[in-house]
Amino acid sequence: MPEGHLVHRYADEQHEALAGRVVRAASPQGRFDARPYDGRVVEGVEALGKHLLYWVEDAPPIHVHLGMQGLFLRYDDPAAEPRKGTRLRLATGEAAFDLIAPARCEPMDERALAALRAATGPDPLSRDPDRDAIREEAVRRLLAARTAVGAAVLDQSVWSGIGNAWRAELLFLAGLDPGGRDIGTEAAGRLWDTAVRYLALGRDAGQVVSDPDAPDERWVYKRARCRRCEAAVRTWTLASRTAYACPADQHLHDL
């Protein structure tokens, strides 16, 4: 499943290509009613954690969640034949974006949109200018979760956009064991600041980046040994996903 850095990357690319332009909207697969959007102006494309919202004039916003198999294809030739299974095509005179195999692709009314926003935690890549308020809310939600920090950060109602790869690498960078509980305000804030910094690097690079000097490497994620100290990486199941931790560099708080 694409994590928040890639969803924001998709949003940025598509906003630049589509916003302010009339689009031809179609569903080659026939599983989405594109008629209310065809021939209208796209007002913007927004990322919300792992969700995408398409704002189109005089039409309900389109909500997209890629799920485990969803993907986008971009064609610089908007007349290119869409691939079989394309749920939604949005095309201008310069480019076409095809959405394939999403978990969700649906129009949203105001009530559903409000529910989605209420259920989505603070986003480390949010462009809201009130960063201090977002940080304060992120710390509050993480501490209120009252569960292992490695489970809390995967809960999209606590923080949004974090998946398993980021969980492993961010907790390593913050020096926190995924199984730690009651980590305290300072550690929670440090983890949030780490997420804000590194997810931005990942968005710009199009991949998880946990070491700017070695962007293709990971510290503990899917490694047998810690890249920093060579200790054997611990692995176990936490929140239904494999957790990774260095026993030397990541410290377990109160259990």
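For the range 120-128, does any single residue satisfy the condition of being surrounded by fewer than 21 Cβ atoms within 10 Å (Cβ to Cβ) and among the hydrophobic types (A, V, I, L, M, F, W, C)? Within the range 120-128 (the criterion being surrounded by fewer than 21 Cβ atoms within 10 Å (Cβ to Cβ) and among the hydrophobic types (A, V, I, L, M, F, W, C)), the answer is no, since none of the residues qualifies. Candidates are the residues of the range 166-200 that are hydroxyl-bearing (Ser, Thr, Tyr) and either in contact with a His (Cβ under 9 Å, 6 or more places away or on another chain) or farther than 15 Å from GLY4 by Cβ (or both); the one that is surrounded by the most Cβ atoms within 10 Å (Cβ to Cβ) is TYR198.
Of the helices (runs of 4 or more DSSP H) lying entirely inside the range 137-255, those containing at least 1 residues that are without any contact (Cβ under 8 Å) to a residue 24 or more places away in the chain are 149-152, 185-205.
Here ALA47 clears all of (1) open to solvent by less than 10 Å² (accessible area, probe 1.4 Å); (2) in contact with a His (Cβ under 7 Å, 6 or more places away or on another chain); (3) among the hydrophobic types (A, V, I, L, M, F, W, C) except the condition numbered (1). Once the range 94-111 is narrowed to residues that are in contact (Cβ under 8 Å) with a residue 40 or more places away in the chain and outside any strand (DSSP E or B), the residue that is farthest from the chain's Cα centre (by Cα) is GLU94. Of the residues making up the range 52-91, just one is touching a Phe, Trp or Tyr at 6+ places or on another chain (Cβ under 7 Å), in a loop (DSSP other than H, G, I, E, B) and either under 21 Å from THR120 (Cα atoms) or basic (Lys, Arg) (or both), namely PRO61.
Restricting attention to the range 226-244, the residues being touching a strand residue (DSSP E or B) at 6+ places or on another chain (Cβ under 9 Å) and within 25 Å of ALA152 (Cα to Cα) number 10. From the residues in the range 50-61 that are in contact with a strand residue (DSSP E or B) (Cβ under 6 Å, 6 or more places away or on another chain) and open to solvent by 40 Å² or more (accessible area, probe 1.4 Å), which one is farthest from ALA79 (Cα to Cα)? This residue is PRO60.
Residue under question is TYR10, and the condition is that it be of a type in the set (Phe, Trp, Tyr) and either more than 15 Å from the chain's Cα centre (by Cα) or part of a loop (DSSP other than H, G, I, E, B) (or both); does it hold?
Values: of a type in the set (Phe, Trp, Tyr): yes; either more than 15 Å from the chain's Cα centre (by Cα) or part of a loop (DSSP other than H, G, I, E, B) (or both): no.
Answer is no for this residue.
Only one of the numbered conditions (1) farther than 15 Å from ILE100 by Cα; (2) aliphatic (A, V, I, L, M); (3) surrounded by fewer than 22 Cβ atoms within 10 Å (Cβ to Cβ) is violated by ALA26, and that is (1).
The values are calculated or read from the model by the stated rules, or taken from the named source; none is laboratory data. Computed from a predicted structure; not experimentally measured. Virtual Cβ from ideal backbone geometry, glycine too; neighbours counted across all protein chains shown. The protein model used for the area step is the full one, side chains on, heavy atoms only, and it has no ligands, DNA or RNA in it. Shrake-Rupley method; radii C 1.70, N 1.55, O 1.52, S 1.80 Å.
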